[in-house]
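The values are calculated or read from the model by the stated rules, or taken from the named source; none is laboratory data. Remember, predicted model here, so these are calculated numbers, not experimental data. FYI the Cβ positions are ideal-geometry reconstructions off the backbone, even for glycines, and counts take in every protein chain you see. Just so you know, the surface numbers come from the protein's heavy atoms only, side chains and all, with ligands and any DNA or RNA stripped out. Shrake-Rupley method; radii C 1.70, N 1.55, O 1.52, S 1.80 Å.
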Amino acid sequence: MSSPSASTTAAPSALSIRGIRKRYGALEALRGVSFDIQRGEFFALLGPNGAGKSTLISIIAGLVQASEGSVAVLGHDTVRDYRAARRLLGVVPQELVFDPFFKVRDMLRIQAGYYGCGKEVWPWIDEMLERLDLTAKAGSSMRALSGGMKRRVLIAQALVHKPPVVILDEPTAGVDVELRRMTWAFMSDLHRQGTTVVLTTHYLEEAQELCSRIAILDRGSVAVIEPTRQLLARHPYRFLRIKLAGAAQLPEALRPLITGESDGTLELKLETSRNPIGGVFDALRTAGIAIEDVHTREPDLEDIFIELTGHPAKAGGATAGAAK
Ligand SMILES: Nc1ncnc2c1ncn2[C@@H]1O[C@H](COP(=O)(O)OP(=O)(O)OP(=O)(O)O)[C@@H](O)[C@H]1O
Ligand SMILES: [Mg+2]
């Protein structure tokens, strides 16, 4: 009779997170988190150690119960409609949990069976082993793998049923540079084919390169959620790296701008509106100080992360430890 309203015809978000709170006793790990991730996004969930990223992912995966709020995967509530929601999701957990006696390929085939998939996905399993450089280990038992190999098996395990939404919690912790690139090339291909990809990482350059939108979680709340380009452009400052000739000291007036020093090169943070670069050179010339070397650097995600949270992204190293 009447045409359906826009809200009922609009395609559901890949993930819809509504008012999620999680209390562990007196600790409030999540303090009311709400946001949507659209289909086809490549999204980064960032935050310092203990921010609540893994707790949120466990709630999305239906492994941990929220104290308040709800999550839907492509319109399916993760509690009321658990089986449908779970079928649409692939989750790579941060912790390396698996049966040590299973062989890699067998374990992936068994995992596919849990999702009701049969032999039709075996070629896909072999393709994933190839893409993740695990073909030579297909017949090895899980306990015989290194930490980085186990983590890549977990990635394959999350993808056996070809889910449209994939969430990876630190998938590259403990994985060396070349294999990290290989893993991300694989994820980028899946994304190009339409998969929604959500990741957490402490390597901010990965998030900056891969993800079109970023949320930064800090102490259980969303501190910022923005397109990556906008987040990087919003910060009107840059860094000036300068090496002074001889044993010269920076004039007193410029010293508050120093943010770092290594091997005699000073790094100054210059706010575009307040500290034009020309002003720095004028001050040095007036003081009779010569410059040996100079260059500028635009702020990257690491700088913005520190500015927003007060912590460097790799603080504590707890996540690197978890990969061992
Ligand atoms: N099962 C649990 N029982 C009690 N407290 C928990 C539990 N799981 C997590 N927490 C606490 O909740 C907070 C958020 O932890 P969570 O693991 O979600 O952080 P994270 O952002 O994933 O950190 P990391 O970057 O180190 O992985 C921390 O203070 C943590 O100690
Ligand atoms: Mg975590």
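Please go through the stretch 176-191 and give me each residue that is hydrophobic (A, V, I, L, M, F, W, C), open to solvent by 10 Å² or more (accessible area, probe 1.4 Å) and touching a helix residue (DSSP H, G or I) at 6+ places or on another chain (Cβ under 9 Å), ordered by number.
Scanning the stretch 176-191 gives Leu179, Met182, Trp184, Ala185, Leu190.
Just name the residue that is farthest from ligand 1 (Cβ to nearest atom) out of those in the stretch 27-55 that are more than 21 Å from Gly310 (Cβ to Cβ) and open to solvent by less than 10 Å² (accessible area, probe 1.4 Å).
Looking at the filtered set, the residue picked out is Phe42.
Output the number of residues of the stretch 242-256 satisfying the condition of being open to solvent by less than 30 Å² (accessible area, probe 1.4 Å) and assigned to a helix (DSSP H, G or I).
Of the residues in the stretch 242-256, 1 are open to solvent by less than 30 Å² (accessible area, probe 1.4 Å) and assigned to a helix (DSSP H, G or I).
Residues that are within 16 Å of ligand 2 (Cβ to nearest atom), in contact (Cβ under 8 Å) with a residue 40 or more places away in the chain and touching a strand residue (DSSP E or B) at 6+ places or on another chain (Cβ under 7 Å), at least 1 per element: which helices (runs of 4 or more DSSP H) completely within the stretch 5-119 meet that? Walk me through how you get there before you give the answer.
Details: elements: 6-9, 53-60, 82-87, 104-114.
The helices (runs of 4 or more DSSP H) meeting that bar are 53-60.
Those residues that are surrounded by fewer than 22 Cβ atoms within 10 Å (Cβ to Cβ) and either of a type in the set (A, V, I, L, M) or touching a helix residue (DSSP H, G or I) at 6+ places or on another chain (Cβ under 6 Å) (or both), I need them from the stretch 159-174; list them, please.
Result: Gly174, single match.
Given the options Gly75, Gly116, name the one that is assigned by TED's automatic domain parsing to the domain that holds Arg219, at positive phi and open to solvent by 60 Å² or more (accessible area, probe 1.4 Å).
Criteria check complete, one pass: Gly116.
Just to be sure before I move on: is Gly321 more than 16 Å from ligand 2 (Cβ to nearest atom), within 30 Å of the chain's Cα centre (by Cα) and at pLDDT below 85 in the structure I sent?
no
Quick check on Ala173: is it assigned by TED's automatic domain parsing to the domain that holds Gly113, among the small types (Gly, Ala, Ser) and assigned to a helix (DSSP H, G or I)?
So Ala173 does not fit the description; no.
With respect to Ser34, determine if the residue is modelled with pLDDT of 95 or more, within 16 Å of Gly62 (Cα to Cα) and among the hydroxyl-bearing types (Ser, Thr, Tyr).
Spelling it out, it is not the case that Ser34 is modelled with pLDDT of 95 or more, within 16 Å of Gly62 (Cα to Cα) and among the hydroxyl-bearing types (Ser, Thr, Tyr).
Can Asp282 be described as open to solvent by 40 Å² or more (accessible area, probe 1.4 Å), modelled with pLDDT under 90 and in the same structural domain as Ala248 (by TED's automatic domain parsing)? Let's see the steps before the verdict.
On the way: open to solvent by 40 Å² or more (accessible area, probe 1.4 Å): yes; modelled with pLDDT under 90: no; in the same structural domain as Ala248 (by TED's automatic domain parsing): yes.
No.
Residues that are open to solvent by less than 10 Å² (accessible area, probe 1.4 Å), more than 24 Å from Ile20 (Cα to Cα) and either within 16 Å of ligand 2 (Cβ to nearest atom) or outside the structural domain of Arg86 (by TED's automatic domain parsing) (or both): does the stretch 212-228 have at least one?
For the stretch 212-228, residues open to solvent by less than 10 Å² (accessible area, probe 1.4 Å), more than 24 Å from Ile20 (Cα to Cα) and either within 16 Å of ligand 2 (Cβ to nearest atom) or outside the structural domain of Arg86 (by TED's automatic domain parsing) (or both): absent.
Of the residues Glu307, Glu298, which single one is modelled with pLDDT under 90, in contact with a strand residue (DSSP E or B) (Cβ under 6 Å, 6 or more places away or on another chain) and open to solvent by 60 Å² or more (accessible area, probe 1.4 Å)?
That would be Glu298, the only listed residue that is modelled with pLDDT under 90, in contact with a strand residue (DSSP E or B) (Cβ under 6 Å, 6 or more places away or on another chain) and open to solvent by 60 Å² or more (accessible area, probe 1.4 Å).
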